[in-house]
Amino acid sequence: MKYISFAIPCYNSAAYMSHAIESILPGGDDVEIIIVNDGSKDDTSKIAHEYEEKYPEIVRVVDKENGGHGDAVNFGLKSAAGKYFKVVDSDDWVKEESLHRILQTLRNLEEEGKEVDMLIANYVYEKEGAAHKKVIHYRNVLPQDEIFRWSDIGHFHMDQYILMHSVIYRTDMLKLCQLSLPKHTFYVDNIYVYYPLPHVRKMYYMDEDFYRYYIGREDQSVNEKVMIKRIDQQIFVTKTMIDMYQMREIANKKLRNYMVNYLAIMMTVSSILLIRSKEPENLEKKRELWKYLKKKDMKTFLRIRYGILGQTMNLPGKPGRKISSLAYSVARRLIGFN
């Protein structure tokens, strides 16, 4: 039995993809590695097929036309035969000892006739040049080493939101809820972790520093200059998430609060990048984005707009925009991204 299908979306990843693959191979026959070559123009496909030839019981290659990161995840999910599904970006990697412990936990659950919809573990910002590697953990928020539900969760801090790096989903649940990510769009990992949440019933948290999230390449999608250049895609993803659910339809109060707060962070990131671009048309896009939320879900708009983040992002005039930018810079240092 394959306990986890690891999908590795690759686009021109020849220079670093081996590290990601090699970090998962110690899982042996309990894992499958699906390397999705998203129309690369370098040696990505060649390297992928070499691994497939060497490890035919573990590695599979999907060669496809270029469709972007989300489309590569879609193809990985479609091909997945494992009970659980995990995305590992081609410039990231996982910690071997944690991989073994997570696989043992999934084996134990299987032997007991139990399953979960989402397993959560920690991730580490592997920031180039940083002496201190920031670990995002959930030990103050989630019960450890036991099955729990949304009613059992605590309060998440701003830097503790569950990202693609921290989740392993049950494969059938993702397929049943018909998760499908947009093509040719960056930042769809937010949709990946947000859309399935109301379908998640049972969860399990392990305090393992499992996923290593590399930050340091100039062309990386979370580089601030790159994010400003792609701001329309950030807005598109934020609007897509706004459209997914009317919050009043989310029955569990703790889950509803979590999802509203996640949307607040997405609104904040979009707003601050629009402010920092210093382009007059982008300030208009910021106003339009807040109007969009107001029209779609007035109650959620009021909660976010008049919460701490919403008020900080909407301070009037130039002084207000300076304060918003300063708040973002502080948050960026604290959280450790881009």
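Remarks
- Residue within segment 136-146 that is open to solvent by less than 20 Å² (accessible area, probe 1.4 Å), modelled with pLDDT under 95 and either under 17 Å from the mean Cα position of the chain (by Cα) or not hydrophobic (A, V, I, L, M, F, W, C) (or both) present: yes
- Only one entry of Leu302, Leu283, Leu309, Leu315 meets the criterion of being in a loop (DSSP other than H, G, I, E, B), open to solvent by 20 Å² or more (accessible area, probe 1.4 Å), at pLDDT below 95 and of a type in the set (A, V, I, L, M), and that entry is Leu315.
- Taking (1) closer than 16 Å to Phe210 by Cα; (2) open to solvent by 10 Å² or more (accessible area, probe 1.4 Å); (3) not in a strand (DSSP E or B) in turn, Leu103 satisfies each apart from (2).
- Filtered residue count, segment 216-267, keeping only those that are modelled with pLDDT under 85 and surrounded by 19 or more Cβ atoms within 10 Å (Cβ to Cβ): 1
- Lys78 falls short of the stated requirement of being touching a residue at least 24 places away in the same chain (Cβ under 8 Å) and basic (Lys, Arg).
- Restricting Val116, Val167, Val124 to those that are crowded, with 18+ Cβ neighbours inside 10 Å and within 18 Å of Pro9 (Cβ to Cβ) reduces the list to Val167.
- Among the residues of segment 37-52, some residue qualifies, meaning at least one is aromatic (Phe, Trp, Tyr), open to solvent by 20 Å² or more (accessible area, probe 1.4 Å) and not in a loop (DSSP other than H, G, I, E, B).
- Restricting Val73, Val59 to residues that are in contact with a Leu (Cβ under 6 Å, 6 or more places away or on another chain) and crowded, with 21+ Cβ neighbours inside 10 Å narrows the list to Val73.
- Matching option when the condition is touching a residue at least 24 places away in the same chain (Cβ under 8 Å) and under 14 Å from the mean Cα position of the chain (by Cα), among Tyr195, Tyr204: Tyr195
- A Cβ distance below 8 Å, combined with a sequence gap of six or more or placement on separate chains, defines the contacts here; from segment 118-146, residues that are small (Gly, Ala, Ser) reach residues that are assigned to a loop (DSSP other than H, G, I, E, B) in the pairs Gly129/Gly216; Ala130/Gly336.
- When Ser277, Ser270 are checked against the criterion of being surrounded by 18 or more Cβ atoms within 10 Å (Cβ to Cβ) and over 19 Å from the mean Cα position of the chain (by Cα), a single residue qualifies: Ser277.
- Scanning segment 237-258 for residues that are part of a helix (DSSP H, G or I), farther than 13 Å from Leu293 by Cβ and touching a residue at least 12 places away in the same chain (Cβ under 8 Å) yields Val237, Arg248, Lys254, Leu255, Tyr258.
- Look at (1) surrounded by fewer than 12 Cβ atoms within 10 Å (Cβ to Cβ); (2) more than 17 Å from Tyr84 (Cβ to Cβ) and you find that Arg149 fails only one, number (1).
The values are calculated or read from the model by the stated rules, or taken from the named source; none is laboratory data. The model shown is predicted, which means the values in this text are computed figures rather than measured ones. Positions of Cβ are backbone-derived with ideal geometry, glycine not excepted, and every protein chain shown enters the neighbour counts. Ligands, DNA and RNA are stripped out before the accessible areas are found, and what is left, the full protein with its side chains, is counted by its heavy atoms. Shrake-Rupley method; radii C 1.70, N 1.55, O 1.52, S 1.80 Å.
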